[in-house]
Amino acid sequence: MRQRSLLWLPAVFLGVLADDHAASSVSTLEFKNRFVESGIVPEVIAALDPSVSFYASYKAGDDGHDELLVPGSTLTVAEAAMPFEFSVENLNNATNVTAQTRFLIYLLDADAPDRNSPTARNQRHFLAGNYTLSGVNSTVLPSAQVLAVPDGQLRPFTPFIPPNPAPNTGVHRYIYALYIQPARFNTAGFETSGMEADIQNWNLSRWRTQLGLGPAIGATFFTIDTNTNSSGNATTSVGNGTSTGATILPGQASWVTMAALFASLLALL
């Protein structure tokens, strides 16, 4: 009987493994809390009260599987490449959003060049507008709708600069934020507002005033750990979007939990 029971263990354990990369929704409240816990609010951003859940999706781990970026994920440098997908949930909570609404997205490093001495704080790594609701569901989180740029209309003000912080400069926090784009920028570049191309020490308050933006309707963030015990310029994470905080969010891997489950199953036999 014991041998017969053991035959079920691989199937059960593999079932847990197969579900390990499954993405789950994150509430807007959880997004808000994670920004406060990380110190980004109020250290970098005065406040964040997201009306939508804003996601990026990336290729994770050695196998390059699709992973949902949840707030507080720890990524390797390779994983921090340009996301292959942006998506949103809870759009019904956002005001003045229609099928024709356009959005802009940025990525910045809050801790450039060094977490202990961020003299280039808010170094911009990406800024682009004209994102629209595609009407297509995310391949990673089917309950989210993909944001896409119509063909020929992706003209980034700041083309994507892959994050690659120097070794031993601490844990860098990288922030993606989503804004409703004022209609005049549907055809005009951000430079027409007086915005400058310099990417360091980006003054977010001044920028919002220049473009006439409201508050961010969504935001997320990830970290890259550059400490000496990391792998190269990467992180101590195994590359699966592991949270740096105490809270383990939906969709984040926990090998400790799986090992404990496996041990519990063995103990029952």
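The values are calculated or read from the model by the stated rules, or taken from the named source; none is laboratory data. Note that this is a predicted model, so its numbers are computed, not measured. No Cβ is skipped: glycine too gets one built from the backbone with ideal geometry, and neighbour counts run over all protein chains shown.
Against the condition more than 24 Å from Asp225 (Cα to Cα) and out of contact with any Ser or Thr (no Cβ under 7 Å at 6 or more places or on another chain), how does Gln145 come out, does it pass? No: the conditions fail for Gln145.
Of all residue pairs spaced 6 or more apart or on separate chains, those with beta-carbon atoms under 9 Å, a first member in the stretch 39-59 that is in the same structural domain as Pro215 (by TED's automatic domain parsing) and a second member that is part of a loop (DSSP other than H, G, I, E, B) and charged (D, E, K, R) are Val44/Asp111; Val44/Arg121; Tyr58/Glu79; Lys59/Glu79.
Restricting the search to the stretch 72-104, which residues are hydrophobic (A, V, I, L, M, F, W, C) and in contact with a Phe, Trp or Tyr (Cβ under 6 Å, 6 or more places away or on another chain)? Passing the criteria: Leu75, Met82, Val88, Phe103, Leu104. Filtered by the rule that a residue be in a loop (DSSP other than H, G, I, E, B) and either of a type outside the set (Gly, Ala, Ser) or touching a Leu at 6+ places or on another chain (Cβ under 7 Å) (or both), the stretch 136-148 gives Thr139, Val140, Leu141, Pro142. For the stretch 201-217, the condition holds for no residue, the condition being that it is assigned to a loop (DSSP other than H, G, I, E, B), surrounded by 11 or more Cβ atoms within 10 Å (Cβ to Cβ) and touching a helix residue (DSSP H, G or I) at 6+ places or on another chain (Cβ under 7 Å). Of all the listed residues (Ala80, Ala144, Ala183, Ala112), the sole one being among the aliphatic types (A, V, I, L, M) and surrounded by fewer than 19 Cβ atoms within 10 Å (Cβ to Cβ) is Ala183.
Condition test on Pro182, is it at pLDDT 95 or above, assigned by TED's automatic domain parsing to the domain that holds Ala80, closer than 16 Å to Asp114 by Cβ and not charged (D, E, K, R)? For Pro182, the condition - at pLDDT 95 or above, assigned by TED's automatic domain parsing to the domain that holds Ala80, closer than 16 Å to Asp114 by Cβ and not charged (D, E, K, R) - is not met. Going by the conditions given, is Pro167 in the same structural domain as Thr223 (by TED's automatic domain parsing), at pLDDT 95 or above and crowded, with 19+ Cβ neighbours inside 10 Å? The answer is no for Pro167. Looking across the stretch 91-138, just one residue is of a type in the set (Asp, Glu) and either over 18 Å from the mean Cα position of the chain (by Cα) or not assigned by TED's automatic domain parsing to the domain that holds Pro42 (or both), and that is Asp114. Scanning the stretch 142-188 for residues that are of a type in the set (A, V, I, L, M) and either closer than 19 Å to Val97 by Cβ or free of Cβ contacts under 8 Å to residues at least 60 places away in the same chain (or both) returns Ala144, Val146, Leu147, Ala148, Val149, Leu154, Ile161, Ala177, Leu178, Ile180, Ala183, Ala188.
Exactly one residue out of Pro50, Pro71, Pro113, Pro83 is within 22 Å of Phe160 (Cβ to Cβ), in contact with a helix residue (DSSP H, G or I) (Cβ under 9 Å, 6 or more places away or on another chain) and assigned to a loop (DSSP other than H, G, I, E, B), and it is Pro71. Here Leu133 does not qualify as in a strand (DSSP E or B) and either surrounded by 22 or more Cβ atoms within 10 Å (Cβ to Cβ) or touching a helix residue (DSSP H, G or I) at 6+ places or on another chain (Cβ under 6 Å) (or both). Residues of the stretch 20-32 that are without any contact (Cβ under 8 Å) to a residue 60 or more places away in the chain and surrounded by 15 or more Cβ atoms within 10 Å (Cβ to Cβ): Lys32 alone.
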